[in-house]
1. Sort through B:Gly64, B:Gly47 and tell me the only one that's of a type in the set (Gly, Ala, Ser), more than 13 Å from the chain's Cα centre (by Cα), over 18 Å from B:Glu230 (Cα atoms) and open to solvent by less than 60 Å² (accessible area, probe 1.4 Å).
2. If a residue counts only when it is touching a Cys at 6+ places or on another chain (Cβ under 9 Å), which helices (runs of 4 or more DSSP H) contained entirely in the stretch A:29-136 have at least 3 such residues?
3. Looking only at the stretch B:151-175, which residues are more than 16 Å from ligand 1 (Cβ to nearest atom), among the hydrophobic types (A, V, I, L, M, F, W, C), surrounded by 24 or more Cβ atoms within 10 Å (Cβ to Cβ) and within 14 Å of the chain's Cα centre (by Cα)?
4. Could you grab the pairs with beta carbons closer than 9 Å, sequence gap of 6+ or different chains, first residue in the stretch B:20-46 and more than 18 Å from B:Leu204 (Cβ to Cβ), second one within 9 Å of ligand 1 (Cβ to nearest atom) and in a strand (DSSP E or B)?
5. Mind listing whichever residues of the stretch B:90-118 are without any contact (Cβ under 8 Å) to a residue 60 or more places away in the chain, closer than 29 Å to B:Met33 by Cβ and more than 7 Å from chain A (Cβ to nearest Cβ)?
6. Given the structure, is B:Gly135 modelled with pLDDT under 95, under 30 Å from B:Val222 (Cβ atoms) and part of a loop (DSSP other than H, G, I, E, B)?
7. Looking only at residues that are hydroxyl-bearing (Ser, Thr, Tyr) and closer than 28 Å to B:Arg192 by Cβ in the stretch B:12-70, which one is nearest to ligand 2 (Cβ to nearest atom)?
8. Report, by residue number, each residue of the stretch B:55-76 that is within 14 Å of chain A (Cβ to nearest Cβ) and small (Gly, Ala, Ser).
Amino acid sequence: MKEPTVRVQKIRRDSVKMRLIIFGTLAVLLLLGAIFSKYLTPYDPYLQDLRNAKAAPSAAHLLGTDRYGRDMLSRVIVGSWTSIFSTLLLVAVITALGTAIGVFCGWHGGRTDTVLMRISDIFLAFPGLVFALAVAGVLGGGLHNAIIALAAISWPKYARIARSQTLALKETAYLKAARLAGSSTVKIIFKHILPNIMGPVLVTSMLDIGTMMMELAGLSFLGLGAKPPIAEWGSMMSDTRSLLSTAPWVTLSPGIAVFVSVMIFNLLGDTIRDYADPKNRRR
Amino acid sequence: MEPVLKIEDLTKVFSRGGQPDFTAVSHVNFELMPGECLGIIGESGSGKTTVVNMITRLLDASGGRITLDGEDITTAKGSRLRKAYRKMQMVFQTPTESFDPRRTLGDGIGESLRNHGMSAADAKKEVSRLLEMCGLPADFAGRYPHQVSGGQCQRAAIARALAIRPKLLICDEATSSLDVTIQKEVLELLGRLRRQAGADLSILFICHDIALVQEFCDRVLVLYHGEIVEQGIPDEVIRNPRNEYTKSLIDSVL
Ligand SMILES: Nc1ncnc2c1ncn2[C@@H]1O[C@H](COP(=O)(O)OP(=O)(O)OP(=O)(O)O)[C@@H](O)[C@H]1O
Ligand SMILES: [Mg+2]
C-alpha cells in the first residue's frame, strides 16, 4: 500500500516543479521585457500623429492608437517599466519594514510590542485602499506618494507573520543554544532568526505582488499615482476611460496588461507556496 | 575549595493570568564542587528544567542567588552574561532541535569559539578535533542536523558544549530522547570526557532515571514539587531512602 502514495507524492511534486518552471519563466520574461522596454517598442510611445488618432488595431499598430495617434502597443510596453518596478519596490519596502517591526516585537516583547501590534490591528481592521486614498490625498499625487501611502497601510500583515514566527523560534532549543554560545542579539537575529522565517515571509510577498500592482494601478487610475504623460498602466486607463465606447482598445490594452501581469505573479506566488510546503519537500 | 556553582534559596513563581500564582521551584539550595557530578532526579513537572533554565539565565529567577565560579550571575545580562557562558554550557534534551536546521553542525559547534574571538580558520580546525574527541568523523562538520542520527547529533551537541572548555556542563535529560543502547554510548562518552578533564569539569546531570544517576553521579538531589526532599550519595539514597516520595521513585524502577 505504500507505493501508490509515494508515487502520488512524486507526481504532485513533479507537477509543482513544472508549474514553477512555467510561471517562473513567464515572470522572468515579463521582468526582462520591463527592463528592456525602451528597446522593444515598435514606435516612439510619445510620438503624436493626430492624423492617425484612434485607429483600430491593425497590422501596423497591433493594439491601435490613442486619441493623439500614439501607438498603444509601444505605450503598454513602456508602461510596464513603471508599473512593474514601482510594484516590486513597494513590495520590497513593505516586506523589509514589516519583517523588521515583527522581528523586533517578537524578540523584544513588552510595551513596544503591545503598542505596535495595536497599531497594526487598527491598520488591518481598516479598508486598506480607502486609507491609502486618504494618505495619498494628504500627501498629494505622484508615484512616490502612492508608494508611501500603500507601504504605510500594508506592513502590518508582514509584521504579524514575522512576529509569530519569531515568537515560535524564540522557544526552540537552537536559539537557546545560540545564546549560550555567546551570540549577541543582533547576531542571533541575522544568523538564526531571519534565515528561518524568510520562507513564509517571501511567499507572502510573492502573493502580494499581484495585489499591490492592482492597488498601485487603482491609485493611478484615481489620479493619485503616476501622472501623465508618464506611461503607467493605471493612469493610462484613467486618461482614456472616456474612449471606452468609441475606441475600447485604448482603455482595454493597459487593462489587459495589468490583468496578465497580476495573473502571472499570483500563479507564481501560489506555486512557490506549494513548493515551499514541507509536505512537498524532499530533503 | 570554592564551589563552581552555588545555589541559594532559588525560587521560581510563575504568575499565570487570572489563576493563582504557581511555585515551580521553591527555596532550592545546593553546591557543586570542582570535578563533581551532581544528579538531580524528579518526576515530570517537578521543576528540574526550571532550575536549569534559571541557572543558565534563560529564565529570570523570582528569588535567591546563583553564584558561578565566585561571581553572582543572578541578574547578569549582556556582555557579563556572555562572559558567564564561557564557564557554563548545556546539552539539551532534543539533540536535533538544538542545532539550527539551516546551518551545519560544524557551524554550530564553532559558534562559541568564533564569538569568543577565535579566527574562522582556527575554529574550523578545533571543530574537527572536538568531533573526533566525541567519536565522530571530522567530515560531520559539513552535515546538517537532519542528516545525522539522534545519537550522533547528541555527540555533536556535547562537542559544542565542550568547545570553549567550560567549568560547568549542564545536561538536561541529555539522553532521554535516545534509545537504550545509544544512551549507554553517550553516557560512556560523557564519562570518558569527565575522567579526562578531572577537576576542570563539573557536571550537573538532570535525569528522571534513578538507575542512570546511580551509575553516573557522585551525589544526587531528589526534587519533588519544586523542593529538594532528599540528597546524598546515590547508592545510599537508593539503599536507604528516608523520604516517601524517593521510596516510590525507587520502587517504580526496581
Ligand atoms: N512558563 C511557564 N509558565 C507557567 N508554568 C510553567 C512554565 N514553565 C514550567 N511551568 C510549570 O512548572 C512546573 C515544572 O516544570 P519543569 O519543566 O521545570 O519540569 P521538569 O521537572 O523539567 O519536567 P520534565 O521531566 O517533564 O522535563 C510544571 O508544572 C510546569 O507546568
Ligand atoms: Mg524538563
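The values are calculated or read from the model by the stated rules, or taken from the named source; none is laboratory data. This one's a predicted model, so the numbers in the text were calculated from it and none came from an experiment. Virtual Cβ from ideal backbone geometry, glycine too; neighbours counted across all protein chains shown. Keep in mind that these areas ignore ligands, DNA and RNA; they rest on the heavy atoms of the full protein, side chains included. Shrake-Rupley method; radii C 1.70, N 1.55, O 1.52, S 1.80 Å.
1. Numbers: B:Gly47 fails: over 18 Å from B:Glu230 (Cα atoms).
Every option except B:Gly64 fails the conditions.
2. A:110-125
3. B:Ala157, B:Ile158, B:Ala159, B:Ala161
4. B:Asp21/B:Phe14; B:Phe22/B:Phe14; B:Thr23/B:Lys12; B:Thr23/B:Phe14; B:Ser26/B:Lys12; B:Glu43/B:Leu223; B:Gly45/B:Ala24
5. B:Ile109, B:Leu113
6. Details: modelled with pLDDT under 95: yes; under 30 Å from B:Val222 (Cβ atoms): no; part of a loop (DSSP other than H, G, I, E, B): yes.
For B:Gly135, the condition - modelled with pLDDT under 95, under 30 Å from B:Val222 (Cβ atoms) and part of a loop (DSSP other than H, G, I, E, B) - is not met.
7. B:Thr49
8. If the condition is that a residue be within 14 Å of chain A (Cβ to nearest Cβ) and small (Gly, Ala, Ser), then B:Ala76 is the only one that fits.
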